[in-house]
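Notes follow the structure.
Please treat every number below as a calculation from the coordinates, not as lab data. From a predicted model like this one, the values you see are computed outputs, not experimental measurements. All Cβ positions, even for glycine, are placed from backbone atoms using ideal geometry, and neighbour counts span all protein chains on display.
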Amino acid sequence: MKTHRETLEHWLLQRITAAFSIPTILIANVSTLILLNILLFWHIHVGIEEILADYVHHEVTRNWILILLRVFCLIIIKYVFVFSVFQKN
């Protein structure tokens, strides 16, 4: 079970990643593309992790889903970066 401090940290992390995504989108250029992708996927990961903590009560199942989610996010991030490199050329 999560403590109040851990819950507050996740809540703050969600708000911070969302807040930093807005100016990064507005000044979007090649150098901010990496930051934008990291912020976006971190925001998605923390949000889905909170949903799983609320609705998946079996701890082993939740841990496996989180591991698969991390692997999935890494694969998607790789393809986003590869796609953005090919778009520049």
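Evaluated against (1) exposed (fewer than 11 other Cβ atoms within 10 Å of the Cβ); (2) part of a helix (DSSP H, G or I), His10 falls short on exactly one condition, (1). For the residues Phe41, Phe20, the requirement of being surrounded by 14 or more Cβ atoms within 10 Å (Cβ to Cβ), of a type outside the set (Asp, Glu) and out of contact with any Leu (no Cβ under 6 Å at 6 or more places or on another chain) singles out Phe41.
Take the residues of the range 48-87 that are surrounded by 13 or more Cβ atoms within 10 Å (Cβ to Cβ) and among the β-branched types (Val, Ile, Thr): which is nearest to His10 (Cα to Cα)? Residue satisfying both the conditions and the ranking: Ile48.
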